[in-house]
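Scroll down for the structure; my scribbles are underneath it.
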Amino acid sequence: MLLKSVTLLALSAFASAMPVKRAAVTDSDIFQIALTLEHLENAFYTEGLKKYDAAAFRKAGFPDWVRGRITQVAEHEATHVKSLEKKLGSAATQPCTYQFPDTDATSFVTLAGALEWGGASAYLGAISHLTNPDDITVAGSILATEARQAAWINSAALKGFPWDGSFNTPLTADEVLGIVQGFFKTCPASNPKLIAAPFPSKLTVGKAVLGHNVAVTFTPPSGSTQQFYLALRSGLKTHVSPIVGGQAKLPAHLQGNVFATVVDNPNVTTDANTVAGTAVLTFPLPANAHNS
């Protein structure tokens, strides 16, 4: 999956732009992270629609209405940016410069679907930290829009699966930044420090087959000899598998997009004890599958 492979592009400029975590989290802190992601999405669609005209979409096999809907999605993301900038005022974080791995209309639409899916999970994870009812409403409204966009892109446009199981997966800000860090090239030095940062090590997961071992590659903390575990976030559950000899066994029942990190405690899978991440594994959900 494009989103997984791009996380291998470690960019120190992005990491250095957000090194400090604060103890008290405010609604503004949450919206600064949201705006950071909305800037990225806005730039992705703006650049992509300039690169791939109607002829490029037709060459890739898409009917004309696909590009039309993608243009509408781009307009949604631009509106999200304006809304969050207005809410944050003069303190609002500014756009970075980015690099995206798409090379044609097909890879562009595929990455769009992954970004929208990640966006819905990011807002779901953020809502529990908001305190102002109006802010919760804004975040919930954007979450619903991102989820609809993800469902449409992945099913109608790409002819794939529109959802995972019965529950969406909430992600922490650190987990989200662990996924998208490779897209960032440089960020303005004047941008406010965020309350999140990518994890100490990137995580690479090999070819994943349900019910079988999968290769897991990451850099352990210096001098550490302890046992590590692969934590797999799917819906509202986390499945943990010990990493032995650079491999971990995948459960047989995972479906859709699964978010993977490496933790040092099988019973505590929080950001504080996460040493590597985030990788995205995708297990397509057939139309005749049962996911209850």
Problem set entry | Single residue of Leu111, Leu143, Leu130 found to be aliphatic (A, V, I, L, M), at pLDDT 95 or above and over 18 Å from the mean Cα position of the chain (by Cα) | Leu130
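Restrict the check to the range 94-106 and report whether at least one residue is among the aliphatic types (A, V, I, L, M) and in a helix (DSSP H, G or I).
Our first condition is that a residue be among the aliphatic types (A, V, I, L, M); within the range 94-106, this holds for 105.
Next cut, in a helix (DSSP H, G or I) only: 105.
Yes, some residue in the range 94-106 is among the aliphatic types (A, V, I, L, M) and in a helix (DSSP H, G or I).
Kindly establish whether Gly165 is open to solvent by less than 40 Å² (accessible area, probe 1.4 Å) and in contact with a helix residue (DSSP H, G or I) (Cβ under 6 Å, 6 or more places away or on another chain).
Numbers: open to solvent by less than 40 Å² (accessible area, probe 1.4 Å): yes; in contact with a helix residue (DSSP H, G or I) (Cβ under 6 Å, 6 or more places away or on another chain): no.
Here the answer is no, as Gly165 does not meet what is asked.
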For this session: State whether one or more residues within the range 176-183 are of a type outside the set (Phe, Trp, Tyr), at negative phi and either open to solvent by 30 Å² or more (accessible area, probe 1.4 Å) or assigned to a loop (DSSP other than H, G, I, E, B) (or both).
Result: no
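Say we look at the range 241-259 and pick out the residues that are open to solvent by 60 Å² or more (accessible area, probe 1.4 Å) and under 19 Å from Thr169 (Cα atoms); which of these is modelled with the highest pLDDT?
Taking the candidates together, the pick is Ala252.
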For this session: Tally the residues that are among the polar types (S, T, N, Q) and open to solvent by less than 10 Å² (accessible area, probe 1.4 Å), restricting the search to the range 71-128.
Result: 2
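Let me confirm something: among Pro188, Pro251, Pro200, Pro242, which residue is closer than 30 Å to Leu88 by Cα and more than 19 Å from the chain's Cα centre (by Cα)? Give the steps one after another, and end with the answer.
Numbers: Pro251 fails: closer than 30 Å to Leu88 by Cα; Pro200 fails: more than 19 Å from the chain's Cα centre (by Cα); Pro242 fails: closer than 30 Å to Leu88 by Cα.
Answer to the check: Pro188.
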For this session: Just name the residue that is nearest to Gly178 (Cα to Cα) out of those in the range 260-281 that are open to solvent by 10 Å² or more (accessible area, probe 1.4 Å) and among the hydrophobic types (A, V, I, L, M, F, W, C).
Result: Val275
Exercise. Looking at Phe228, is it open to solvent by less than 30 Å² (accessible area, probe 1.4 Å), out of contact with any Ser or Thr (no Cβ under 8 Å at 6 or more places or on another chain) and not aliphatic (A, V, I, L, M)?
Worked result: yes
Problem set entry | Qualifying residues in the range 31-70 (those that are closer than 21 Å to Val180 by Cβ, of a type in the set (A, V, I, L, M, F, W, C) and touching a residue at least 60 places away in the same chain (Cβ under 8 Å)) - the one surrounded by the most Cβ atoms within 10 Å (Cβ to Cβ) | Ala34
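For the range 123-170, how many residues meet the condition of being over 28 Å from Asn288 (Cα atoms) and part of a loop (DSSP other than H, G, I, E, B)? Can you show your working first?
Filtering the range 123-170 down to residues over 28 Å from Asn288 (Cα atoms) leaves 123, 125-142.
From what is left, the residues that are part of a loop (DSSP other than H, G, I, E, B) are 128-132.
Residues in the range 123-170 being over 28 Å from Asn288 (Cα atoms) and part of a loop (DSSP other than H, G, I, E, B): 5 in total.
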For this session: Any chance you could count how many residues in the range 205-224 are closer than 15 Å to Ala276 by Cα and loosely packed, with under 12 Cβ neighbours inside 10 Å?
Result: 2
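The values are calculated or read from the model by the stated rules, or taken from the named source; none is laboratory data. Since this is a predicted model, take the numbers as computed values, not measurements. Note that each Cβ is placed from the backbone with ideal geometry, even for glycine, and that neighbours are counted across all protein chains shown. The area values use the complete protein model at the heavy-atom level, side chains included, leaving out ligands, DNA and RNA. Shrake-Rupley method; radii C 1.70, N 1.55, O 1.52, S 1.80 Å.
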